[in-house]
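The values are calculated or read from the model by the stated rules, or taken from the named source; none is laboratory data. Everything numeric in this text was worked out from a predicted model, so none of it was measured. Because the Cβ atoms are built from the backbone with ideal geometry, glycine has one as well, and the counts that use them run over all protein chains shown.
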Amino acid sequence: MFAVRNINSRLVLAAIGNRWHSTEPVRHVPVMAEETIRFLKPQNDELFIDMTFGAGGHTQEILRSAPKAKIIALDRDPVAHEMAHTMSELFPGQIFPVLGKFSELPDKLEKLGIKQRSVDGMVFDFGCSSMQFDEGSRGFSISKDGPLDMRMDKDCDTDTPTAAEVLAKIDEIDLTRILKIYGEEKQAKKIARAIIEARHTIKSIETTKELADLVQSCFENEDTRLDKLKRPSHSATKTFQALRIFVNNELNEINYGMVLAQHYLKIGGKMITITFHSLEDTIVKRHVMGNVMNDMANKLPLRYNSHTICHDQEVMETVMRSPWHPLTKHVVVPTYEEVDNNPRSRSAKLRAVVRVV
Ligand SMILES: C[S@@+](CC[C@H](N)C(=O)[O-])C[C@H]1O[C@@H](n2cnc3c(N)ncnc32)[C@H](O)[C@@H]1O
């Protein structure tokens, strides 16, 4: 029976493909889906929150494994939210789409009547989806030109400046810090200087290509850059990462997401996290090891950002008494086969923990 209702994510994507002005809808392939289910062990009568619905790959796998489970499908991106709606029609009364960020979730759960300590499992698959990365109009892509936007919640959060607006206003010292800390960019100073100088020499930087070309021009006489796996990478990769993290306030959101998991999971409830770079993984690791620092995700002045996250002392003190027990001895990484089939999975690290107190 389930096979009949099984979702063809390509069809779901096609249903809303027009919105992205693409001839071919971009498809997101879920990362470490099999491992996620192995640790989550979903059961039919259980309630889950897919904290990063995206194209619903992990939600789909949970339902494949436990066809009667219920899933709250959160995403801050209206495109992903629309996909969650489309998928929820195929699973009436089982998928509950919620539009918003981690930091907005408590209010939304209250409206759904979800109490603290009532959830059986939460999945966090951090970062951007392929629909965001590969669609030029979203402004995340180095290779596809588009407006320099980078807001995951484009059109929802009108207070959040786009990456272009950040670059038009920010001072050199702050920009250098953003590139250095969020992009781990060794040439942060040089790039920041070029961006600030460009304000006087050319018109403001408004497209992804303009930014990518400008950063590349800083490295004209240098060898091709290699990523951590020694493959050639664009000189602007780290700059794009840094701006994206900053614009979306991503590290504070992850920090807050970890606090939420502690509040909403019941004892015995499981949390699965999939991270894609060390900044994300460090935050998760500190939470699951009970080594939380109050300001660990808040290294930068967020005065260019709409900053809605509280760091309540009492909440942070509760978190410091770690309630987690690891389900794996080491972090789990994708198989060679998965990396081959889905190169985007190459830097992924999965952690699985169970709530014990
Ligand atoms: C890597 S994708 C998830 C893909 C999904 N697991 C799948 O298999 O299709 C990450 C998603 O999380 C969303 N996201 C990132 N940070 C978020 C936050 N703080 N609150 C809500 N959604 C967030 C992004 O908009 C994106 O759609």
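So here's what we get for this one:
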| quantity | calculated |
| --- | --- |
| Unique match (being surrounded by fewer than 24 Cβ atoms within 10 Å (Cβ to Cβ), more than 11 Å from the ligand (Cβ to nearest atom), closer than 23 Å to V247 by Cα and not aliphatic (A, V, I, L, M)) among S118, S137 | S137 |
| From the options A66, A73, A14, residue that is in contact with a Pro (Cβ under 6 Å, 6 or more places away or on another chain), more than 9 Å from the ligand (Cβ to nearest atom) and modelled with pLDDT under 95 | A14 |
| So K270, is it farther than 30 Å from E165 by Cα and outside the structural domain of D107 (by TED's automatic domain parsing) | no |
| Test for G269: is it among the small types (G, A, S) and out of contact with any helix residue (DSSP H, G or I) (no Cβ under 8 Å at 6 or more places or on another chain) | yes |
| For A212: the one exception among (1) away from the ligand (no atom under 16 Å from the Cβ); (2) farther than 18 Å from R151 by Cα | (2) |
| Residue within the stretch 169-187 that is in contact (Cβ under 8 Å) with a residue 24 or more places away in the chain, surrounded by 19 or more Cβ atoms within 10 Å (Cβ to Cβ), assigned by TED's automatic domain parsing to the domain that holds I49 and in a helix (DSSP H, G or I) present | no |
| Count of the stretch 222-275 residues which are away from the ligand (no atom under 15 Å from the Cβ) and not hydrophobic (A, V, I, L, M, F, W, C) | 21 |
| Considering residues of the stretch 95-109 that are more than 12 Å from I72 (Cβ to Cβ) and not hydrophobic (A, V, I, L, M, F, W, C) only, the residue nearest to the ligand (Cβ to nearest atom) | K101 |
| Hey, I274 within 26 Å of R344 (Cα to Cα) and in a helix (DSSP H, G or I) or not | no |
| The listed residue being assigned by TED's automatic domain parsing to the domain that holds F39, out of contact with any Asp or Glu (no Cβ under 7 Å at 6 or more places or on another chain), under 27 Å from E104 (Cα atoms) and β-branched (V, I, T), out of V119, V166 | V119 |
| Single condition G127 does not satisfy, out of (1) crowded, with 21+ Cβ neighbours inside 10 Å; (2) on the phi < 0 side of the Ramachandran plot; (3) near the ligand (Cβ under 9 Å from one of its atoms) | (2) |
